[in-house]
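Encoded as structure tokens, the structure appears first; notes follow it.
Read-outs throughout are calculated quantities, based only on the coordinates presented, and are distinct from any laboratory measurement. Predicted, not measured: the structure shown is a model, and the values here were computed from it. Cβ coordinates were reconstructed from backbone atoms using ideal geometry, including for glycine residues, and neighbour counts include every protein chain displayed.
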Amino acid sequence: MTNPLPQIYIDADACPVRDEVYRVAERHDVPVHIVANSFIRVPKFPLFSFHLVTDGFDAADDFIAERAGPKVIVITSDILLAERCLNADAVVLAPNGKPFDKNSIGSAIAMRAIMADLRAGADMPNAGGPPPFSARDRSAFLQSLHNAVEGIKRG
């Protein structure tokens, strides 16, 4: 008996690697679900589907988390969504190609909380943010996604 194909869910509103996901998914014939609370143009491919959710708080996260599971790859930079999906045994990748895992998610959540507290309590006019997205990040993401798809296909 063959293993079912993986499914890919993209937390798409601010995802910088949608085109890379499409390329990998086409190569592997893997269904992709693009989830957003505003319209996003999606290439015409039979395995690609766009899901428009309400603009309610966490609507896209809820949609994705409810469908996460062992054969699902989730693309997100949202740490709290990553945790929810990891708890459902999904594979979770950040757009820079770094996988979230159950061993490191706790420290990522703690760091997120610390940074939020610092931003809220300090006069930080130029607090920065994530470093600019680079070609190296894009390449690392492509490799990580390919490996995740292959890993699920192998079982």
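A cut-off under 13 angstrom between Cβ atoms defines the neighbours of K102, and their net charge, with Lys, Arg +1 and Asp, Glu -1, is -2.
Near A90, once Lys and Arg are set to +1 and Asp and Glu to -1 for all other residues with Cβ below 14 Å from its Cβ, the sum equals -3.
In plain terms, the residue of E150, E83 with the fewest other Cβ atoms within 10 Å comes first and the most crowded comes last, giving E150, E83.
With Cβ to Cβ distances under 14 Å as the rule, what net charge do the other residues near E20 carry (K, R +1; D, E -1)?
Net charge in that neighbourhood comes out at +2.
Of R84, R18, R154, R136, the sequence from fewest to most neighbouring Cβ atoms within 10 angstrom is R154, R136, R18, R84. Summarising the strand pairing of the range 1-104, around 10 percent of its internal DSSP beta bridges are antiparallel.
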